[in-house]
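**Q** Structure in structure tokens, see below.
The values are calculated or read from the model by the stated rules, or taken from the named source; none is laboratory data. Everything numeric here is computed off the predicted structure, so don't read it as measured data. Counting neighbours? That spans all protein chains shown, and the Cβs are built from the backbone with ideal geometry, glycine included. Quick note on the areas: whole protein, heavy atoms, side chains included, nothing else; ligands and nucleic acids left out. Shrake-Rupley method; radii C 1.70, N 1.55, O 1.52, S 1.80 Å.
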Amino acid sequence: MSRPLGSWLSGPQAGMDPDTDTGAWRGEKLGLPQSGPGSLASSWPRVLALFVDWVMCYGVSLLFVGFLAQQLSTVVLGIWFVVGMLTVTLFSFSPGQFVVGMRVVRVDGAARVGIIRAFFRQLLIVFIVPPLLNDPDGRGLHDRATGTALVRTR
């Protein structure tokens, strides 16, 4: 007696699970627009914002340690962590996110991200893997874990 292989080989069926069903566009389930200000930021602007933040923190770290110092990368990471946490708490964006035109918002609609969410969001980004893994809406796991989203401002 043969059994159909399509039941497990074809993957999940569309519309079967509301947690994995994305909707018509990224962010629709979160109540975000499809494009323009307020829509979810895509991956390349996120990478560009991280690069801008990293270069800025690299320059600041050179004020504290020499260019060839062994602890330079640790100092850069520490400055990046503190700058990112404080600026997201105070302004809802890091310097790189501001330059690229993005900001961090809470998905529950509250006005500010807050220091606890900003701390844990930044901590998860340090581990690199959570931002690389995305949910069906395109948010990184660090954003999903902290109840935030990175949206465009322009």
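**Q** Picking from Gly138, Gly66, which residue would you name as being open to solvent by less than 30 Å² (accessible area, probe 1.4 Å), among the small types (Gly, Ala, Ser) and part of a loop (DSSP other than H, G, I, E, B)?
**A** Gly138
**Q** Let me ask another. Answer yes or no as to whether Arg139 is closer than 15 Å to Ser42 by Cα, touching a Pro at 6+ places or on another chain (Cβ under 9 Å) and among the charged types (D, E, K, R).
**A** no
**Q** So Met85 passes all but one of these: (1) crowded, with 16+ Cβ neighbours inside 10 Å; (2) part of a loop (DSSP other than H, G, I, E, B). Which condition number does it fail?
**A** It fails just one condition, (2).
**Q** Considering every residue within region 66-73, establish whether at least one is among the hydrophobic types (A, V, I, L, M, F, W, C) and in contact with a Cys (Cβ under 7 Å, 6 or more places away or on another chain).
**A** Scanning region 66-73, I find no residue that is among the hydrophobic types (A, V, I, L, M, F, W, C) and in contact with a Cys (Cβ under 7 Å, 6 or more places away or on another chain), so the answer is no.
**Q** Here's another thing I want to ask about it. Which one of these is over 24 Å from Asp137 (Cα atoms) and surrounded by fewer than 19 Cβ atoms within 10 Å (Cβ to Cβ): Gln34, Gln71?
**A** Gln71 is the lone residue from the list that is over 24 Å from Asp137 (Cα atoms) and surrounded by fewer than 19 Cβ atoms within 10 Å (Cβ to Cβ).
**Q** Yes or no: region 67-80 includes at least one residue that is under 18 Å from the mean Cα position of the chain (by Cα) and either under 17 Å from Ala149 (Cβ atoms) or of a type outside the set (Lys, Arg) (or both).
**A** Yes, region 67-80 contains a residue that is under 18 Å from the mean Cα position of the chain (by Cα) and either under 17 Å from Ala149 (Cβ atoms) or of a type outside the set (Lys, Arg) (or both).
**Q** Can you pull out the residues in region 37-63 that are surrounded by 12 or more Cβ atoms within 10 Å (Cβ to Cβ) and closer than 16 Å to Gly138 by Cα?
**A** Of everything in region 37-63, those that are surrounded by 12 or more Cβ atoms within 10 Å (Cβ to Cβ) and closer than 16 Å to Gly138 by Cα turn out to be Gly38, Ser39, Leu40, Ala41, Ser42, Ser43, Pro45, Arg46, Val47.
**Q** Go through region 93-135 residue by residue and tally those that are at pLDDT 95 or above and in a loop (DSSP other than H, G, I, E, B).
**A** 3
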